Ligand SMILES: Nc1ncnc2c1ncn2[C@@H]1O[C@H](COP(=O)(O)OP(=O)(O)OP(=O)(O)O)[C@@H](O)[C@H]1O
């Protein structure tokens, strides 16, 4: 037992000894590792210290201290190796930097002033040098071969912050001036705008540049009103962002590359502060401007303006009157600033640039200047973009697209609205082919302002982009409604296609459906306020449709351009803010009121033949003033139209012209010329007020109620309707297959009726004019069944009533009773009555107790809407009678009555007077 426990103890002891041994080994290793790590730390600390101070920069005491370090030898050796390797590489450094600057700062951007100062630049500004020379620096050793150029990025690359040292203001001025002169001398005049603000002064900032201040290239700002400059810059940024970048580009530079055009000038704003922080509001504004500026081609040069901006900023801090530290070269190298440009030469150079700019801007621009070099090259998938005028010689564009989908144009009579529309249409039509742009043009004004865009008697050409031209529609608000309905239908068609292709906008739809025809549609409605001119159904429907199109048209490429004499037009929007708000593009002609935002008075001061173009819902920062060239004088637009017509007319159909001042001619209507004998005869009563050229017809099958009543005392219109109905019906029967029976107790109308009767007879039809209507009716009522189709054309039934009411002695029924029978039972047997009653009361007398069902269709002239209610299935009828128009209703096809235009009656001078 004892030996067993001793044995056990021994085993434990041995195990413990092993553990102790192991721990000892581990501890020993750890101590060794720690020692090694400490040595390494101390070596690295030494290395760091030497790098920080600089191997050659340490004083003797420091050197001795370093030498005492156990790792001194090793560290010096390794750093020496790195250093010599670096200098071996760096020997090529200055040369590489010189090449870099030469490549990225060409011409005036980097070359000595003697080579460029005084010459006017020619770079159009589509691209810009990346660097601009400020001085030079020399690498260690100050050996000339180690000198290289120091240049800073500006324009859309980076801002520049300069910090002065005591008494260095002249040096800073020279530096800024030479940078500005390099930029100004690089680009063609007008491509750069300089804005100068100095907290301490108004008039003496960079005085050598003053020759430029009489041009738009240089603007000065009140020392107490930094906000004016910041507001202006913020306005440019927002505008450029809205019009350019929303088309998918993130910066103006990208947009320039994509379009190959400069589009906007470069802007440099120089702000001289005094080293004190700006008041908080200004500082905030400055930060905001700085962060969006570069993408809009705006660069800030901040002198002694302490601020932190979240954008790319390079710095130059002056050490003394000749040297500065730059963020481009790091804190270890001092930049030797270039000497100032000779003052006299700068003044002369600035003067030359100013003269060149004035020469370039000078002279009024013409419509021809709006034209592109080559027509029809632009693509409208993303937007429509076209210059409409000029500001200081630079084109000012209108952009119609996702960001500014609809336009509102206002200006008092004679201010040039129509001319502006022509400038816009011409500029667009010249840039976009009719495959890219379709125009629907409507003018509610009296006159024919768009008529020339459709083929006319004097000029057969038309604008190939125009699909519809509506003129003299001031009384035909229904035509405006028809256009809006058409656009709403097109909107639905496009939405459905977009849904099918699983896209949400026109650009994507066009991409997904390359074979489809999806031009952008621009609908121009001049004096659009007429649409809302009554408290009626037209106004209600127009409002609803306009709102729908305004809201959803944006993504489907359907755009509205609404023009109006300001006050009237804008008042029309009261209670309809949706349309107004969607019109983010506002164009205010001089003295236009309410088109721009309330506090924006730019239109008040706009000179004659100018327009304020604003893509920001009229807020002041979006203002762009433009001189609009004369586009409406003789032959100006017409010349363009001829060119475009010759180019495209073969491929694109002529536009539909709706001219409210002219009655349509039946013989010119396909709906008439194409009629031929068939089973369902149709009487044409007039032209529909519609986007497509449609005739409005009444089908007269053998069915109850298929009679036509013409109602009202307007003789000319009534004769027209009866005439076109009879002639169109006659066309649908072989000669001898139909009978027409006429009656006309109104003496004045007799010649017209006789003429019509003779025409039909000449065509081979049986056509009779009876002077004994009672007998004729009695005979017809007795022989309803089995006869040929018959049409009873009764003119002035009201005048015939007394005779019809009289009962022949011994006869149980009067002729009126027979007429009632014919109205009731005739249609079922192919006997249809087309009757004209000059008053509704007389129609009611005619029908007696039979009710209104026997009059299935009617065309009302000068009668009141409320009188028509019983004949329109009880619905309230709104109708303001007007010459040359009728209200038409067909019980079997209509939900509500529609306005139609009776055709022009041949020989309208025969009785009844001329048709309107
Ligand atoms: N930019 C322009 N340059 C030269 N003439 C112009 C210019 N704009 C308009 N005009 C001329 O001024 C006259 C009136 O212009 P316009 O018909 O365009 O005005 P409006 O505002 O449409 O007027 P209204 O509403 O009365 O028709 C026309 O004779 C037109 O030729």
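The residues of the range 391-410 that are in a strand (DSSP E or B), over 30 Å from residue 509 (Cα atoms) and in contact with a helix residue (DSSP H, G or I) (Cβ under 7 Å, 6 or more places away or on another chain) amount to a single one, 410.
What residue, of 444, 479, is in contact with a helix residue (DSSP H, G or I) (Cβ under 9 Å, 6 or more places away or on another chain) and either within 14 Å of the ligand (Cβ to nearest atom) or touching a residue at least 60 places away in the same chain (Cβ under 8 Å) (or both)? Step by step, each of 444, 479 is checked, and only 444 is in contact with a helix residue (DSSP H, G or I) (Cβ under 9 Å, 6 or more places away or on another chain) and either within 14 Å of the ligand (Cβ to nearest atom) or touching a residue at least 60 places away in the same chain (Cβ under 8 Å) (or both). Here 495, 461, 413, 449 are screened, and the one residue that is surrounded by fewer than 23 Cβ atoms within 10 Å (Cβ to Cβ), assigned by TED's automatic domain parsing to the domain that holds residue 533, assigned to a loop (DSSP other than H, G, I, E, B) and away from the ligand (no atom under 16 Å from the Cβ) is 461. Of all residues in the range 238-266, those that are part of a helix (DSSP H, G or I) and modelled with pLDDT of 85 or more total 8.
Considering the range 622-655, and only residues there that are more than 16 Å from the ligand (Cβ to nearest atom) and either assigned to a loop (DSSP other than H, G, I, E, B) or not assigned by TED's automatic domain parsing to the domain that holds residue 423 (or both), the residue that is surrounded by the fewest Cβ atoms within 10 Å (Cβ to Cβ) turns out to be 650. Check whether at least one residue in the range 264-279 is surrounded by 15 or more Cβ atoms within 10 Å (Cβ to Cβ) and under 19 Å from the mean Cα position of the chain (by Cα), and report yes or no. Checked against the condition, which is being surrounded by 15 or more Cβ atoms within 10 Å (Cβ to Cβ) and under 19 Å from the mean Cα position of the chain (by Cα), the range 264-279 yields at least one hit. Taking the conditions (1) more than 16 Å from the ligand (Cβ to nearest atom); (2) touching a residue at least 24 places away in the same chain (Cβ under 8 Å) in turn, residue 610 satisfies each one other than (1). Among the numbered conditions (1) in a strand (DSSP E or B); (2) crowded, with 23+ Cβ neighbours inside 10 Å; (3) within 16 Å of the ligand (Cβ to nearest atom), the only one that residue 423 does not meet is (1).
Test residue 429 against the stated conditions and say whether it is within 25 Å of residue 372 (Cβ to Cβ) and either at pLDDT 90 or above or assigned to a helix (DSSP H, G or I) (or both). Answer is yes for this residue. Inspect the range 551-566 for any residue being within 16 Å of the ligand (Cβ to nearest atom), not in a strand (DSSP E or B) and not assigned by TED's automatic domain parsing to the domain that holds residue 238 and give the result as yes or no. Within the range 551-566 (the criterion being within 16 Å of the ligand (Cβ to nearest atom), not in a strand (DSSP E or B) and not assigned by TED's automatic domain parsing to the domain that holds residue 238), the answer is yes, since at least one residue qualifies.
In the range 679-797, counting only helices (runs of 4 or more DSSP H) that sit wholly within it, the ones holding 3 or more residues that are modelled with pLDDT under 90 span 773-782. Using the structure shown, decide if residue 429 is away from the ligand (no atom under 12 Å from the Cβ), surrounded by fewer than 24 Cβ atoms within 10 Å (Cβ to Cβ) and in contact (Cβ under 8 Å) with a residue 12 or more places away in the chain. In short, no.
A quick yes/no check of all residues on (1) in contact with a helix residue (DSSP H, G or I) (Cβ under 6 Å, 6 or more places away or on another chain); (2) farther than 16 Å from residue 78 by Cβ; (3) part of a helix (DSSP H, G or I):
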site: 15; (1), (2), (3): no, yes, yes
site: 23; (1), (2), (3): no, yes, yes
site: 30; (1), (2), (3): no, yes, yes
site: 33; (1), (2), (3): no, yes, yes
site: 36; (1), (2), (3): no, yes, yes
site: 40; (1), (2), (3): no, no, yes
site: 46; (1), (2), (3): yes, no, yes
site: 49; (1), (2), (3): no, no, yes
site: 66; (1), (2), (3): yes, no, yes
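The values are calculated or read from the model by the stated rules, or taken from the named source; none is laboratory data. Since the structure is predicted, the reported quantities are computational estimates derived from the model, not experimental observations. Neighbour counts are summed over all protein chains in view; Cβ atoms, including those assigned to glycine, are modelled from backbone coordinates with ideal geometry.
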